[in-house]
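Shown next, in structure tokens, is the structure this report addresses.
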Amino acid sequence: MHIINQGMKNTLYLLLAFFLCTFSACDKEDQYTRDSYRNFEALWQILDKNYCFFEYKDVNWNDVYDKYAVQMSDTMSSDSLFNKLGDMLSELKDGHTNLYSSFNVARYWKWYEDYPDNFNEMVHRHYMGTDYRIAGGIKYMKLTPDIGYIYYGSFMSPVGDSNLDYVLMYFADCKGLIIDVRNNGGGNLTMSDRIASRFAKEKLVCGYIKHKSGPGHNDFSNPYPIELTPSDRVRWFRPVAVLTNRRCYSATNDFVNKMRLFPQVIQIGDKTGGGSGFPFSSELPNGWSVRFSSSPILDAKMRITEFGIDPDISVTMTQVDVMAMIDPIIDRAVRYISENAPEVEKPTMLYNSLSDSLRIQ
Amino acid sequence: MNKLTVCIFLFFGIAQALFSSTKDTLNLYENDAEPIPYSTNEATMFGVGGYQILDTYLSPYTYKGWGISVANEKLKTVSLFNYHGVRQQNFGIEFSSTENDAKTASYLSGMLNYGIGYGYRFEPCKNLRLIPGVSARALAGFIYNTRNGNNPASMKLDVAANLTGMAIYNFKIREFPLTLRFQTEIPFFSVFFSPNYMQSYYEIFSLGNYKGVVKAGSLHNYFTMRNYLTLDIPIYNYTVRVGYQNNIYKTNVNDLTTHMYSNSFMIGIVKEIVSYSGRKLKNKRGYNSAYY
């Protein structure tokens, strides 16, 4: 019979001590608290280290701290704290910066709230009727026998390559195309690339991205080029009018930024809403979530488009237009294409050198 | 990514080249008669335990919860060091669900790991075997934050060279045979993936900016520790292995910190397997097959 001798006991004690050390290896991190000041401090710190547009927007974040720190108190309610922190974030004038709690979302939407809508659902329905087609997230139809019309209302709605093939082929006998992205608040950047690649003749740098490389306000990585590669499927080289308003934000702003690089594309309507900072999320000690712009996306000339992209042809929709069920932005696009697009007697569809890519030109 | 892939293959290639034996299955001869084959000790264990996860790419706060795991390990004597060599392979998969202290957000995480190690077995005293050695381990996994929008997940991908130590002690309590094993593993060099500070996965994978995302690690920026304490208990025709597994995974690079701690209690079945294949199948004296 073997028994555990003294040496073995010592070994077991050593093992026990080792495990106790291991258990205690867990680091002490910031813990849950509803304390107003600590949540304010945490939010301010997160933005201070990670927000990317302080200098561009000329925001003195230390002044913001001084302004709001004195408004914190031990006795304030969650609702009151939320409103104060939301007000602090709105100093950044950034639609990508939000505070989320279980009971409210703090947001800055003045990038479209303070401007004309330049889009009306009823008028839009009047133009589209009910006999339009739907391919993925795209609604499309022929406005006239030779002008195609695409409405893409959200970059959250996926559009596949097959969808785009069918849509563009449907317009093969049209001399021009209208892509209406008004009221499109953004979504997936991949969709932006996928659609824009149908209008590119060659690979091009359409912008740059930077990310924060450290906690300093000007700590950024070197700009990394964002390249757009032409699709190897059906592509469109005839005139295109992209319709925009102030509610074109984030991925839609990115889409317009790419499309305006193509010579056959013109932007008509109102300035886009902007939103060129790629957002990140973080968290406060009380469990609220915060989203903020952290990686600036620049245009091809390394300019920041956070506050929007001006149209080539500015058109405003008035209340009189709405009452008359007229959409002057669509009408202007139709007129532009009618005046500028060469007549297409029969579809000119050519296979080019990009494998079996089909060009509509 | 290509660099990481090359490194993974390099690690396992070197490990195989250094330690693999042309005589993988060894024979000792007893009384110049029957060869005694070396068996493989294989255990499959299921575990449940507590998890703590901090990943500052997702949140500055620690999430806590529970997880489950499955682990398979194989231990076999090989010809290395004149048959004092031991090869250990283990494969593990674990899944955890954790949440923040405020209960407003949660993580789902999954980890796969495979390790192969070689050690030198010696017996400093009766019934005690010590097996120091080295191992290579690859790990792939994710931590998914169910609430975050544009940074919803953190990918874990790394390969590490480790020092390992195992102690196996056979003893009896009232004639009841038991086997106690303790093993630990600590890396001395690693190659692992980490996004740069505040760099989005969109920039890395969609735009292809991989610069700085593959890091060389050592104890200062990459520390993992895997500790096992197991007890083998023969029950009727089975051997049950119960144990405790403690995993520590810490990285600190690009101003991003990840901590994953888990403490799991494991239970499983141990099998001692003798492999017969090829020409050995012709000698039917050592086994009774239902097939051959």
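We did not get these values from a lab; they are worked out from the coordinates using the rules stated. The model shown is predicted, which means the values in this text are computed figures rather than measured ones. Methodologically, a virtual Cβ is constructed for each residue, glycine included, from the backbone with ideal geometry; neighbour enumeration extends over all protein chains shown.
Looking at (1) within 11 Å of chain B (Cβ to nearest Cβ); (2) buried (at least 20 other Cβ atoms within 10 Å of the Cβ); (3) among the aromatic types (Phe, Trp, Tyr), can you tell me which one A:PHE171 breaks?
Of the numbered conditions (1) within 11 Å of chain B (Cβ to nearest Cβ); (2) buried (at least 20 other Cβ atoms within 10 Å of the Cβ); (3) among the aromatic types (Phe, Trp, Tyr), the odd one out for A:PHE171 is (1).
Given the structure, is B:THR179 touching a residue at least 60 places away in the same chain (Cβ under 8 Å) and more than 9 Å from chain A (Cβ to nearest Cβ)? Don't jump to the end; show me each part of the working.
Numbers: touching a residue at least 60 places away in the same chain (Cβ under 8 Å): no; more than 9 Å from chain A (Cβ to nearest Cβ): yes.
No; evaluated as a whole, the condition is false for this residue.
For region A:214-239, which positions are within 25 Å of A:MET302 (Cβ to Cβ) and in contact with a helix residue (DSSP H, G or I) (Cβ under 7 Å, 6 or more places away or on another chain)?
Step one: filter region A:214-239 for residues within 25 Å of A:MET302 (Cβ to Cβ), giving A:214-230.
The answer is A:PRO215, A:TYR224, A:LEU228, A:THR229, A:PRO230.
Return yes when A:SER231 is hydroxyl-bearing (Ser, Thr, Tyr) and part of a loop (DSSP other than H, G, I, E, B) and no when it is not.
On the way: hydroxyl-bearing (Ser, Thr, Tyr): yes; part of a loop (DSSP other than H, G, I, E, B): yes.
Yes: the conditions hold for A:SER231.
I'm checking my understanding of the structure. Among residues of region A:261-270 that are surrounded by fewer than 22 Cβ atoms within 10 Å (Cβ to Cβ) and without any contact (Cβ under 8 Å) to a residue 60 or more places away in the chain, which one is farthest from the chain's Cα centre (by Cα)?
Looking at the filtered set, the residue picked out is A:PRO263.
Restricting attention to region B:148-165, does a residue exist that is over 19 Å from the mean Cα position of the chain (by Cα), assigned to a strand (DSSP E or B), within 13 Å of another protein chain (Cβ to nearest Cβ) and without any contact (Cβ under 8 Å) to a residue 60 or more places away in the chain? If you could, list the steps in order and put the result at the bottom.
The first filter runs over region B:148-165 and keeps only residues over 19 Å from the mean Cα position of the chain (by Cα), leaving B:148-154.
Among the residues that remain, those that are also assigned to a strand (DSSP E or B) are: B:153-154.
Add one more test, that the residue is within 13 Å of another protein chain (Cβ to nearest Cβ), and what stays is B:153-154.
If we keep only those that are without any contact (Cβ under 8 Å) to a residue 60 or more places away in the chain too, we end up with none.
No: zero hits.
Taking region B:243-256 as the search range and keeping residues that are surrounded by fewer than 18 Cβ atoms within 10 Å (Cβ to Cβ) and over 17 Å from the mean Cα position of the chain (by Cα), which one is nearest to the other protein chains (Cβ to nearest Cβ)?
If we take residues in region B:243-256 being surrounded by fewer than 18 Cβ atoms within 10 Å (Cβ to Cβ) and over 17 Å from the mean Cα position of the chain (by Cα), then B:ASP255 is nearest to the other protein chains (Cβ to nearest Cβ).
Which number in (1) among the aromatic types (Phe, Trp, Tyr); (2) more than 13 Å from every other protein chain (Cβ to nearest Cβ); (3) under 24 Å from the mean Cα position of the chain (by Cα) marks the one condition that B:TYR228 misses?
(2)
Can you find, within region B:195-225, the residue that is nearest to the other protein chains (Cβ to nearest Cβ) among those that are buried (at least 21 other Cβ atoms within 10 Å of the Cβ) and within 21 Å of the chain's Cα centre (by Cα)?
This residue is B:THR224.
Of A:ARG303, A:ARG291, A:ARG233, A:ARG246, which residue is within 14 Å of chain B (Cβ to nearest Cβ) and either closer than 25 Å to A:ILE179 by Cβ or in contact with a Pro (Cβ under 8 Å, 6 or more places away or on another chain) (or both)? So that I can check it myself, show each step before the final result.
Working: A:ARG303 fails: within 14 Å of chain B (Cβ to nearest Cβ); A:ARG233 fails: within 14 Å of chain B (Cβ to nearest Cβ); A:ARG246 fails: within 14 Å of chain B (Cβ to nearest Cβ).
Testing whether each residue is within 14 Å of chain B (Cβ to nearest Cβ) and either closer than 25 Å to A:ILE179 by Cβ or in contact with a Pro (Cβ under 8 Å, 6 or more places away or on another chain) (or both) leaves just A:ARG291.
Given B:ASN252, B:ASN263, B:ASN237, B:ASN288, which one is polar (S, T, N, Q) and under 21 Å from B:VAL48 (Cβ atoms)?
Numbers: B:ASN252 fails: under 21 Å from B:VAL48 (Cβ atoms); B:ASN237 fails: under 21 Å from B:VAL48 (Cβ atoms); B:ASN288 fails: under 21 Å from B:VAL48 (Cβ atoms).
It is B:ASN263.
For A:TYR65, are the conditions met, namely being buried (at least 16 other Cβ atoms within 10 Å of the Cβ), more than 14 Å from chain B (Cβ to nearest Cβ) and without any contact (Cβ under 8 Å) to a residue 24 or more places away in the chain? It would help to see each step written out before you state the result.
Details: buried (at least 16 other Cβ atoms within 10 Å of the Cβ): yes; more than 14 Å from chain B (Cβ to nearest Cβ): yes; without any contact (Cβ under 8 Å) to a residue 24 or more places away in the chain: yes.
Yes, satisfied.
Checking B:ASN170 against (1) assigned to a strand (DSSP E or B); (2) surrounded by 18 or more Cβ atoms within 10 Å (Cβ to Cβ), which test does it fail?
(2)
For a quick check of your reading of the model, give me the residue pairs whose first member lies in region A:93-109 and is away from chain B (no Cβ under 12 Å), whose second is polar (S, T, N, Q) and part of a loop (DSSP other than H, G, I, E, B), with beta-carbon atoms closer than 7 Å and at least 6 apart or on different chains.
If the second residue must be polar (S, T, N, Q) and part of a loop (DSSP other than H, G, I, E, B), the pairs left are A:TYR108/A:THR97.
Considering only region B:177-208, how many residues are of a type outside the set (A, V, I, L, M, F, W, C) and more than 19 Å from A:CYS52 (Cα to Cα)?
Step one: of region B:177-208, the residues of a type outside the set (A, V, I, L, M, F, W, C) are B:177, B:179, B:181, B:183-185, B:187, B:190, B:194-197, B:199-203, B:206, B:208.
Those still in the list that are more than 19 Å from A:CYS52 (Cα to Cα) too: B:177, B:179, B:181, B:183-185, B:187, B:190, B:194, B:206, B:208.
Adding up the residues that qualify gives 11.
If you scan region A:295-311, which residues turn out to be surrounded by fewer than 14 Cβ atoms within 10 Å (Cβ to Cβ) and at negative phi?
At the first step, the residues of region A:295-311 found to be surrounded by fewer than 14 Cβ atoms within 10 Å (Cβ to Cβ) are A:301-303, A:310.
If the condition is that a residue be surrounded by fewer than 14 Cβ atoms within 10 Å (Cβ to Cβ) and at negative phi, then A:LYS301, A:ARG303, A:ASP310 are the ones that fit.
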